[in-house]
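Please treat every number below as a calculation from the coordinates, not as lab data. Here the structure is a predicted model, which is why all the values come from computation and not from measurement. A quick note on method: Cβ atoms are made from the backbone with ideal geometry, for glycine too, and the neighbour counts reach across all protein chains shown.
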Amino acid sequence: MDIKKIEFQQHGDSRGMLVVAEYQKEIPFTVKRIYYIYGADSETRRGFHSHKNLQQIYIAIHGSCRVTLTDGKTTETVCLDDAASGLYIGHNVWREIYDFSDDAVLLVLASEPYSEDDYIRTYDQFIQTQTENI
Ligand code: T46
């Protein structure tokens, strides 16, 4: 499955923390869009889709959430709770995001502008596409 944990550069001193993510070091794609999610809670469930081409990096810059990811064969659950690391997610990965802490802020770096055509929003269609890709 095309996912990877990424550790960012950290520069901490008595003034606090400064975290850096740079193109071609920690970020393997040109960032064409950012968005962030907050105001979710422990009952919230988001995602439930895959992307045909989009690559993204999820960063819980505050609080925490869980992400369950599958390529149809392998399934993994990742806890995001560290502002100094991110989760890279390639294309063709189904993701479900849940268990947000009340203070969670999930920042997402995306490789492409928003396009609804890039989404696969039903699990049946996702599995069918994965089978066709073999
Ligand atoms: C993902 C998770 C973490 C836009 O108009 N532009 C955008 O760039 C995005 C991301 C969304 N939207 C609109 C589309 C919907 O009307 O915002 C609304 C909520 O989007 P969605 O239901 O897709 O939200 P999530 O949290 O289920 O998924 C989003 C991203 O779509 C997805 O790529 O990985 O956040």
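General observations
- Label-to-label distance, nm, for residues given as T75 and M1 (7 Å Cα→Cβ offset): 0.9 nm
- Candidates D102, D41, D13, ranked by Gaussian network fluctuation over the chain, Cα under 10 Å, top entry: D13
- Low-density loop cleavage sites - GluC sites (Glu not before Pro) in the stretch 1-104, where at most 12 other Cβ are within 10 Å (DSSP): E22, E43
- A simple count of charges around V19, restricted to other residues whose Cβ falls under 15 Å of its Cβ and scoring Lys, Arg +1 and Asp, Glu -1, yields -3.
- Top of D103, D117, D82 by mean-square fluctuation, Gaussian network on the chain, Cα under 10 Å: D117
- Kirkwood hydrodynamic radius over Cα pairs of the stretch 81-121, then Stokes diffusion coefficient at 20 °C and 1.002 mPa s, in µm²/s: 168 µm²/s
- Percent RCO, i.e. relative contact order, over the chain, from Cα pairs under 8 Å lying at least 6 residues apart: 35 percent
- Taking a straight line from the alpha carbon of K73, these lysines sit under 25 Å away, with near neighbours fewer than eight places off in the same chain left out: K4, K5, K52.
- Gyration tensor (alpha-carbon) shape descriptor, the chain, a/c threshold 1.5: prolate
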